[in-house]
1. Would you calculate the convex hull of the Cα atoms in the range 364-424 and tell me its volume per residue in Å³?
2. In whole Å, what is the distance between the alpha-carbon centres of the range 97-128 and the range 526-550?
3. Projecting each Cα onto the charge dipole of the range 507-632 (Lys/Arg +1, Asp/Glu -1 at the beta carbon, about the Cα centre), which of L508, Q523, A616 comes out farthest on the positive side?
4. Could you sort 14-25, 295-306, 205-216 so that the peptide with the highest average Cβ count within 10 Å comes first and the rest follow in order?
5. Let me know the volume per residue of the alpha-carbon convex hull for the range 92-184, in Å³.
6. Taking every Cα atom in the range 254-337, find the radius of gyration and the maximum pairwise distance Dmax, and write them in Å.
7. Which order do peptides 407-415, 529-537 fall in by mean Cβ count within 10 Å, highest first?
8. Can you bin the range 1-115 into rounded, prolate or oblate? Criterion: square roots of the alpha carbon gyration tensor eigenvalues sorted a ≥ b ≥ c, rounded for a/c under 1.5, prolate for a/b above b/c, oblate for the rest.
Amino acid sequence: MPGPLWTPSSERLAAANMTRFIRFASTRGAGAGDYPELYDWSIARPLEFWDAMWDFGGIRGEKGSRVAIDMDRMPGARFFPDATLNFARNALVREGSDAAIIYRCEDGRSRTLSWNALRSEVAACAAALRAHGIRAGDRVAAYLPNTPEAIVGVLGTASVGAVWSSCSPDFGVQGVLDRFGQIQPRILLAADRYVYGGKTFDQRPKIADVVSQLPTVERTIVGEEEWDAFLAPQRGAPLSCDPLPFNHPLYILYSSGTTGVPKCIVHGAGGTLIQHVKEHQLHCDIKPGDRVFYFTTLGWMMWNWLVTCLASGATILLYDGSPFHPDGNTLFTFADETGMTLFGTSAKYIDAVAKAGLHPGDTHSLATVKTMTSTGSPLAPESFDFVYEHVKRDLHLASISGGTDIVSCFVGGNPIAPVWRGEIQCRALGMQVEVWDENGRPVRQRKGELVCTAPFPSMPIGFWNDPDGRKYHAAYFDRFPGVWTHGDYVELTEHDGIVIYGRSDAVLNPGGVRIGTAEIYRQVEQIADVLESLVIGQQWDGDERIVLFVKLRDGLALDQALIDRIRADIRRNTTPRHVPARVVQVTDIPRTKSGKIVELAVRDVVHGRPVKNREALANAEALDQYANRPELQR
């Protein structure tokens with residue numbers, strides 16, 4: 001068997017936060033000499049682990065005497081029930097003139113905020129919110145691009161104990177109303193315009209429409225001038241961060257909403273903070289002074305994940321605009337200009353860079369980049385190859401996976417372990433992740449359901465407007481009572497890594513054989529003429545047949561020769577069961593706002609069923625191509 005793609009150097013091993021934590025945990029009784037032993041301890045002794053994580057991670061607050069109670073209940077367990085803290089106080093961990101935020105927009109605008117400047121802006125924002133009467137538990141909604149004002153806004157909101165919820169500016173009016181309309185915000189922060197792909201979009205008509213249908217909004221702050229006017233009377237105010245219970249609500253995030261009105265998922269400040277600090281410091285090896293980037297919008301949980309990097313003393317890098325404007329080198333140039341140390345992106349972006357024929361390692365220095373993280377969809381083995389061949393050889397490539405549901409990760413990177421081709425490196429510390437078969441039995445080196453069998457701090461507080469918890473319970477605990485079922489179809493490997501084959505609800509089932517969609521995507525998207533693909537199961541003649549939709553390079557038409565090649569590649573590298581019965585050309589692949597393809601929506605369209613919430617999609621018009629296709633009528 002071929003060896004790993006990357007192994008950390010002895011110098012990197014010695015300097016890693018994970019190595020330091022292994023030594024630290026040994027003072028708490030861990031007795032761990034390596035990651036597997038540390039993971040086992042974190043699962044067997046969760047109270048000791050999370051107590052150690054609070055101290056090692058530098059959480060600011062009053063910890064209290066108890067680490068957790070009701071650990072036999074899931075949901076229902078409570079972590080640090082006696083603790084008080086404030087998320088904003090933890091984010092503003094540093095002072096001085098060093099950069100806390102570095103911002104770039106695709107139109108050339110840029111801005112840098114020092115730690116002192118960020119602290120002053122957050123203090124003014126919090127004071128302005130208090131002056132308006134905003135109190136703990138009130139909701140502040142943001143309809144903003146990825147700018148420093150958004151960071152100031154979320155930390156000012158957290159300072160007073162209000163609850164933050166955001167959408168990116170590409171959301172349509174109904175998509176915003178489907179989300180904010182459920183949570184009754186008192187304040188709405190919005191941008192009067194945003195830029196993307198070389199175009200400027202006027203947001204004012206949409207904002208007016210949204211506000212007219214949100215009767216609880218008492219004040220709308222639109223654009224930079226109104227933002228400055230809102231803060232101006234409070235500039236110079238001292239920073240005041242109210243101490244609050246450990247899991248006081250911090251965020252309301254939303255499910256994709258492709259099967260109905262989005263679920264409003266409420267996350268607590270303490271659970272979010274300690275989970276992110278663990279992931280940043282241990283799994284991503286983020287240290288004070290590092291410069292951390294994630295390509296994201298305010299509509300994706302990776303933005304919330306990025307915000308918390310401040311709590312580890314890292315500078316956060318914000319990029320607003322298209323990653324391919326004017327070309328695919330944009331983010332790599334941004335990395336060189338800013339001294340980026342962690343480059344966070346998506347599997348889709350890495351594949352697009354490869355398909356564009358770019359070799360960033362030849363055209364850019366990337367000397368400071370030590371970690372690249374990827375999420376959003378499974379990272380194909382060929383994308384691992386591309387990163388190490390054409391981006392950087394000495395690089396910790398960490399494929400990570402979790403979700404909005406837990407605002408964090410179940411599985412992720414390990415900076416002191418090898419990277420194996422096509423595998424997520426490890427189950428995250430403190431996360432009792434297993435793979436179960438359809439009968440609820442743990443399996444290894446076999447495909448099954450990703451489950452988590454013990455509580456963890458970043459479980460949602462609950463869903464908004466779900467007083468008896470029925471919706472929350474139904475979302476994760478109905479299939480296996482007392483066990484979190486995440487909905488990913490995965491395999492635990494011989495290296496104790498994870499391979500994700502797609503979403504469980506999108507698994508194909510021809511002839512009763514379960515096939516993960518990622519198994520087919522991997523083969524199809526290696527073909528140079530295919531830019532993207534989407535696969536579904538179509539009910540046909542008393543069984544299910546596989547239908548593959550392909551988006552080709554501009555100017556190409558799907559012919560029998562290409563169909564034969566696609567089928568032959570799939571057959572050769574998988575099994576005859578994986579071979580699609582139909583291959584159909586489309587010009588667009590429908591996606592959510594965070595870039596995830598929507599197999600279920602396409603499956604509904606193909607079967608003549610209505611798609612319940614087209615507003616949740618970034619390009620809902622693409623669905624029209626999938627309806628009434630003559631190729632699927634025979």
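Bear in mind these aren't lab numbers, they're just calculated from the coordinates by the rules spelled out. Keep in mind it's a predicted model, so treat the numbers as computed, not measured. Every residue, glycine among them, receives a Cβ derived from its backbone with ideal geometry; neighbour counts consider all protein chains shown.
1. Numbers: hull volume 5.8 nm³, N = 61.
Convex hull volume per residue, Cα atoms: 95 Å³.
2. Cα centres, the range 97-128 to the range 526-550: 46 Å.
3. After comparing all options, I get L508.
4. Values: 14-25: 17.6, 295-306: 23.2, 205-216: 15.1.
Peptide ranking by packing, descending: 295-306, 14-25, 205-216.
5. Values: hull volume 9.0 nm³, N = 93.
Given the Cα convex hull of the range 92-184, per-residue volume reads 96 Å³.
6. Using the Cα atoms of the range 254-337, the pair Rg, Dmax is 15.1, 43 Å.
7. On the way: 407-415: 26.0, 529-537: 22.0.
Result, highest mean Cβ count within 10 Å first: 407-415, 529-537.
8. Numbers: a/c = 2.07, a/b = 1.19, b/c = 1.74.
Note, shape of the range 1-115 comes out oblate.
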